[in-house]
DNA sequence: CGGGGACTGT
DNA sequence: ACAGTCC
């Protein structure tokens, strides 16, 4: 992004100062719209969405009565006695709707970043550039509101770009309404900050564009620094203590003054935000990095009730994990102690590893047996014990449960490995030999996590061995065999379905440049491999990030694979009993075959 | 003051 | 790992 402008910075006539076009789309009163779509009778009535004793949002009918976000239920009913309350504690439907919206926005092939459930940023810069080439300028008209008509146009061409972006915003909003039934509001600007802040100006069901030259003056109309996204209660407190209350105040103070109370980085960022400048990129949203649930309540003070709450949460959580498709490897328990002083925030948590073998792939989805659930409950209560001294009374107001790290699942529909395993050319990469018994006992099974890890070792006979003391296993003996049909089954997936996200693609190029110093397991013991005597070993050189690779694997090919897949493969080599592998003799990857694989992973040009 | 998550910093 | 901050 930056490089495009620097390449022509000498020629001010072609310099692009505001090269991007960003759309922010906000679903109007999201929860309420979801409920009204489910039950159209609600449309004509005032509706509030209730979570515990709070009305978290409401439809526009209810807002006429003065219902506000996060209002107490009792207050809301006083204001509006015939308010229809819908319980919104289970977010399942909202999450599904949110995913539908996100999916619909992928249609334009632009980066889309989700912000919470009901907001999305779309970077349409590339799309705008394409359309500029293919369409006559004078046929382009604005759609929606403009924050302030400009007398003079910015020379960088951003007005034309934003004009086109305003049309795209309209198209997107139309699609969301026609296909999903949602009314939305949109903001169009050259950065995320202004796009988000300008969005509500003509809410609901309309859109607004702002030009860069009005950024600073628009920002100064905001009353509190708090209204700037990323400035929360703590930062606001710090600013107010310096007598900086409004955005206008912030515009006037020097960066040096700010540096006395914030990190240098933060000081510069704050100053830029105040004048409407923001260079943070729209980052394509992918799979979540954690999946969790919380349950809050008045007070819980007995262990058995805690256990019941966790058990209920676990049941629900396992459904979400099944839907996600990945296998979790880390579990976190959170709780909030009753504390008269602090309000909601003060949470404490403990986490530990979970053995992936607790999960089994069933009809392509990770599931847990009854016994597995017992094991998880044991882990949970053990973490709970670390947080609470049971010899003393305790009072909790919240418990939470989250899976926080994932191993891409190794088999099943949609899995990269599943796809590749159906490709004969790749079986040689994945191949596990039947005749390396001698090497099996000397394989390096060190876990990828550094031994300095402070991960709680909760292991006993029931849980995963500690990464600190890698246990040598004979993985040949433990390995499951596949039936002929499974090995021979034709690929169920089209190449097009094997789409990597941009992060993975980045990773590939990064790895290829940089495969040398990523060794995760500095070897303490030189006692390694009799593997090197295999006839398929073609490169005896040290280095690469492939220390755990069996010798028959082509390291170049391995290093070119996406990080996640590398992790999958390493996990399989480490624990073959956990995966289903084809059983055939080792082969050297031939060059032509390698290329056919690589073309799926390496970005074109 | 609900129910999720992401990111940052140590 | 875990807390803090933000949405």
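The values are calculated or read from the model by the stated rules, or taken from the named source; none is laboratory data. Predicted model only: the values in this text are computed from it and were never measured. Backbone-built Cβ (ideal geometry, glycine too); neighbour counts: all protein chains shown.
Residues in the stretch A:227-236 that are at pLDDT 90 or above and within 19 Å of residue A:257 (Cβ to Cβ): A:228, A:231, A:235, A:236. Selection over the stretch A:127-151 of residues that are closer than 16 Å to residue A:209 by Cα and in contact (Cβ under 8 Å) with a residue 40 or more places away in the chain gives a count of 9. Within the stretch A:54-62, none of the residues are assigned to a loop (DSSP other than H, G, I, E, B), more than 18 Å from residue A:204 (Cβ to Cβ) and within 16 Å of DNA strand C (Cβ to nearest atom).
Of all the numbered requirements in (1) touching a residue at least 12 places away in the same chain (Cβ under 8 Å); (2) not in a loop (DSSP other than H, G, I, E, B), residue A:262 misses one, and that requirement is (2). From the list A:295, A:278, A:324, A:339, the lone residue that is more than 22 Å from residue A:372 (Cβ to Cβ) and within 12 Å of DNA strand B (Cβ to nearest atom) is A:339.
Within the option set A:376, A:313, A:331, being away from DNA strand B (no atom under 16 Å from the Cβ), within 22 Å of residue A:399 (Cβ to Cβ) and touching a strand residue (DSSP E or B) at 6+ places or on another chain (Cβ under 8 Å) holds for one residue only, A:376. Screening residue A:244 with (1) touching a strand residue (DSSP E or B) at 6+ places or on another chain (Cβ under 7 Å); (2) part of a loop (DSSP other than H, G, I, E, B) gives one miss only, at (1). Name the single residue that is nearest to DNA strand C (Cβ to nearest atom) among those in the stretch A:345-372 being outside any strand (DSSP E or B) and touching a residue at least 60 places away in the same chain (Cβ under 8 Å). Ranking the qualifying residues of the stretch A:345-372, first place goes to A:354.
Residues that are farther than 30 Å from residue A:225 by Cβ and surrounded by 23 or more Cβ atoms within 10 Å (Cβ to Cβ) occur at least once in the stretch A:156-165. None of A:301, A:248, A:254, A:264 is over 30 Å from the mean Cα position of the chain (by Cα), away from DNA strand C (no atom under 16 Å from the Cβ), exposed (fewer than 12 other Cβ atoms within 10 Å of the Cβ) and over 29 Å from residue A:52 (Cα atoms) except A:254. Just checking, does the stretch A:318-332 include any residue being free of Cβ contacts under 8 Å to residues at least 12 places away in the same chain and within 24 Å of the chain's Cα centre (by Cα)? Checked against the condition, which is being free of Cβ contacts under 8 Å to residues at least 12 places away in the same chain and within 24 Å of the chain's Cα centre (by Cα), the stretch A:318-332 yields at least one hit. The set of residues in the stretch A:112-136 being over 14 Å from residue A:165 (Cα atoms), assigned to a loop (DSSP other than H, G, I, E, B) and away from DNA strand B (no atom under 13 Å from the Cβ) consists of A:136 alone.
For the condition on the phi < 0 side of the Ramachandran plot and in contact with a strand residue (DSSP E or B) (Cβ under 6 Å, 6 or more places away or on another chain), what is the one hit in A:82, A:87? Before you say what the answer is, go through the steps one by one.
Numbers: A:82 fails: in contact with a strand residue (DSSP E or B) (Cβ under 6 Å, 6 or more places away or on another chain).
Step by step, each of A:82, A:87 is checked, and only A:87 is on the phi < 0 side of the Ramachandran plot and in contact with a strand residue (DSSP E or B) (Cβ under 6 Å, 6 or more places away or on another chain).
Scanning the stretch A:214-222 for any residue that is buried (at least 16 other Cβ atoms within 10 Å of the Cβ), within 16 Å of DNA strand B (Cβ to nearest atom) and free of Cβ contacts under 8 Å to residues at least 60 places away in the same chain turns up nothing.
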